[in-house]
1. Among Leu209, Leu154, Leu184, rank each residue by its count of other Cβ atoms within 10 Å, from fewest to most, as a rough exposure measure.
2. In what sequence do Arg171, Arg90, Arg32 fall when counting other Cβ within 10 Å, fewest first?
3. Could you compute the FRET efficiency for Arg144 and Thr214, with r as their C-beta to C-beta distance and R0 at 51 Å, rounded to 0.05?
4. Using 7 Å Cα-to-Cβ label points, what is the Phe72/Ile36 separation (nm, one decimal)?
5. Could you list, bin by bin from short to long, the percent of Cα-Cα pairs of the stretch 96-237 in 5 Å steps?
6. Can you give the convex hull volume per residue for the Cα atoms of the stretch 203-287, as a whole number of Å³?
7. Placing unit charges on C-beta atoms (Lys and Arg positive, Asp and Glu negative, everything else neutral), compute the dipole magnitude of the stretch 39-190 about its Cα centre in debye, rounded to 20.
8. Quick one: if you stick a label point 7 Å off each Cα along the C-beta vector at Lys113 and Thr125, how many nm between them?
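What follows draws every value from the coordinates through simple rules; no lab data is involved. Treat the numbers as computed from the prediction; the structure is a model and nothing was measured. In this analysis, Cβ positions are derived from the backbone assuming ideal geometry, glycine residues included, and neighbour counts consider all displayed protein chains.
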Amino acid sequence: MSEELKNETSDVKKETMEDYAEELEASFRQIREGDILTGTVIDVSENGILLDLKYYTDGMIHLEDFTDDPTFNFREEVHPGDEISATVIRKDDGEGHILLSRKEANEVLAWDKLRQYLNENTNLTVKVSGIVNAGVIAYVEGIRGFIPASKLALQYVEDLNEWLGKELQVRVITADEQNQRLVLSAKEILREQAAEERKNLVSTVEIGLVTEGTVESLQSYGAFIKLGNGLSGLVHISQISEKRIKSPSAVLKVGDTVKVKVIDVKDGKLSLSMKAVNDVAAQEIQEETIELPETEGLSTTLGSLFKNLKFD
């Protein structure tokens with residue numbers, strides 16, 4: 001046998017023995033109740049989830065010890081090859097397996113993840129699994145979370161039952177492990193999405209556009225005009241009237257339909273003017289001319305009319 005082949009054979013044997021030694025050491029480690037172990041899913045059945053713990057026996061998580069989330073679908077969400085951490089409940093479940101609980105491990109591990117989600121403003125997809133007073137319930141990392149009705153949508157939510165079973169994106173806004181309080185919100189994400197959509201819409205509006213809108217609200221500094229398609233803009237008090245006014249309410253009221261001209265687009269905001277519309281109209285009238293045939297009668301001036309008149 002060549003020296004090169006001997007070396008390759010020696011390396012293979014050495015690597016195999018090292019791996020075997022690690023497996024052997026793992027199989028003889030001491031496991032105690034309360035330990036958190038991480039294993040690889042071997043099988044998912046009606047009896048539970050079977051885990052390879054790299055131990056002389058496998059681990060078993062009964063379905064009722066996996067999660068409290070009633071919407072969780074084991075067949076769809078747990079697959080062979082997945083890694084799961086769980087707490088040792090008993091070292092022998094009566095069938096030769098180590099009995100484990102993911103729920104108990106979750107109580108220790110999940111809150112760390114939830115605090116991370118909170119600090120990083122992570123967007124999470126959840127499914128509404130229950131309706132309670134003033135809000136709905138959804139689970140994150142197996143922990144029961146509360147979404148207040150005021151945090152479900154941008155508008156007021158009248159019927160919470162319409163949200164049951166719906167999937168939505170949320171963020172963690174409170175993760176209080178001591179009081180077991182997890183609060184979620186969809187509103188921040190929806191507000192950001194609406195702002196982005198508005199920004200995209202505003203970018204398509206051209207300066208100089210004249211259009212109609214409805215007075216949406218009145219402030220001391222001006223009037224907000226709703227233009228449609230989710231767009232609105234501000235008519236500053238100085239742009240409402242040719243005359244100086246003390247308050248927008250002196251000229252306008254909510255619900256009025258007005259013509260406005262877009263005079264500026266900046267930082268996703270529209271600046272409008274009512275006064276500029278009047279200026280445009282006045283300019284158009286001034287520029288209008290009536291062209292008539294140049295006849296002797298029409299070209300007669302006032303001076304020529306008095307030229308031949310004699311006064312005593």
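1. Result, fewest neighbours first: Leu154, Leu209, Leu184.
2. The fewest-first ordering by Cβ neighbours comes to Arg32, Arg90, Arg171.
3. 0.70
4. Placing both labels 7 Å along Cα→Cβ, they lie 1.5 nm apart.
5. In order of increasing distance, the bins hold 2, 8, 15, 14, 13, 11, 9, 10, 7, 5, 3, 1, 1, 1, 0, 0, 0 percent.
6. Normalising the Cα hull of the stretch 203-287 by residue number yields 93 Å³.
7. Dipole about the Cα centre, nearest 20: 560 debye.
8. The two pseudo-label positions are separated by 1.6 nm.
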